[in-house]
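One structure is given below, encoded as structure tokens.
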Amino acid sequence: MGLSVSVKKAVKGFTLDVSWQIGNELAVLFGFSGSGKSLTLQLVAGLMKPDSGVIKANGTIYFDSERNISATPQQRSLGYVFQDLALFPHMTVKQNILFGAKGVPKRETAERYHEMIDAFYINDLEKKRPSEISGGQKQRVAFARALMRRPDVLLLDEPFSALDTPLRIEMRAFLKDLRKTFQVPVVLVTHDAGEAAALADSIIVYSEGSVIQSGPAGDVFNNPADERVGRLLSGQETALRTFCRQNYNESRTA
């Protein structure tokens, strides 16, 4: 399981040129706003087309400019949670989740739907509309919809940015549990070092359309590759201490 990305894309004076790959892990695309993180997710999802390169997930080629392969978003086995969650306001929770089941055989749809509402603790929300549920509940609905197709990779574009701090912490813990339950590779976009430290197995650091460092989270936080990475992490001592403390505690209980 995993995702391999090597793409170039020029957009309005900005050029993205990145290459990276992940396995069955939670990888964080980390960097300041405007560095190309969200653009990368759009290219992976097929919402935009790279100028050149190759995108593969679990051995399936989604895009290859030399071989003239460019799968549509519907042909890509990917789950996507947008920053604004993109729930349909006129649909109920049940209808929003089932919208993610396009392409799923009908005989499996009901089974998967009930699996999702159980896993995300939203059984009692089926008939409610997004305007009638809390921010955390909306997050769970968006995740349930993204996982209905049992995707090869889950793409998350700053899904917690609009939440207040206690709820962000709760949702980070929930995302860790989700990874254990569904065993799906996750790519999370953030420019919050605390979030990266709390969640990442590996970190891919972006700056001005390029990858300037990648590797295990502890290596990146403890050994910035150059002054650019150091600047990104400056002032994030608390996040680093939290990450190191978590790893120490986990190593003691392993």
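The values are calculated or read from the model by the stated rules, or taken from the named source; none is laboratory data. Everything numeric in this text was worked out from a predicted model, so none of it was measured. Methodologically, a virtual Cβ is constructed for each residue, glycine included, from the backbone with ideal geometry; neighbour enumeration extends over all protein chains shown.
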Handout entry: Scope the range 25-71; condition part of a loop (DSSP other than H, G, I, E, B) and among the aliphatic types (A, V, I, L, M); matching residues
Key = L47, M48, A71
Handout entry: Residue in the range 90-117 that is modelled with the lowest pLDDT, counting only those that are part of a loop (DSSP other than H, G, I, E, B) and over 23 Å from L41 (Cβ atoms)
Key = P105
Completion exercise
Here the residues within the range 157-174 that are at pLDDT 90 or above and out of contact with any Phe, Trp or Tyr (no Cβ under 8 Å at 6 or more places or on another chain) are E158
Handout entry: Which numbered condition K102 misses (of (1) closer than 23 Å to K138 by Cα; (2) over 21 Å from the mean Cα position of the chain (by Cα); (3) exposed (fewer than 12 other Cβ atoms within 10 Å of the Cβ))
Key = (2)
Exercise for the section: Take the range 118-144 and flag every residue that is within 20 Å of the chain's Cα centre (by Cα) and either assigned to a helix (DSSP H, G or I) or modelled with pLDDT of 95 or more (or both). Expected result: A119, G135, G136, Q137, K138, Q139, R140, V141, A142, F143, A144
Fill in the blank from the handout: With criteria (1) surrounded by fewer than 20 Cβ atoms within 10 Å (Cβ to Cβ); (2) closer than 22 Å to A144 by Cα; (3) at pLDDT below 90, E195 comes up short on (1)
Problem - Top-ranked residue in the range 166-196 [being within 20 Å of Q139 (Cβ to Cβ) and of a type in the set (G, A, S); ranked as nearest to the chain's Cα centre (by Cα)] - result: A196
Practice task
Go through the range 25-49 and count every residue that is closer than 13 Å to L188 by Cα and out of contact with any strand residue (DSSP E or B) (no Cβ under 7 Å at 6 or more places or on another chain).
Solution key: 1
Exercise for the section: Would you be able to say whether some residue in the range 209-227 is within 18 Å of M116 (Cα to Cα) and among the polar types (S, T, N, Q)? Expected result: no
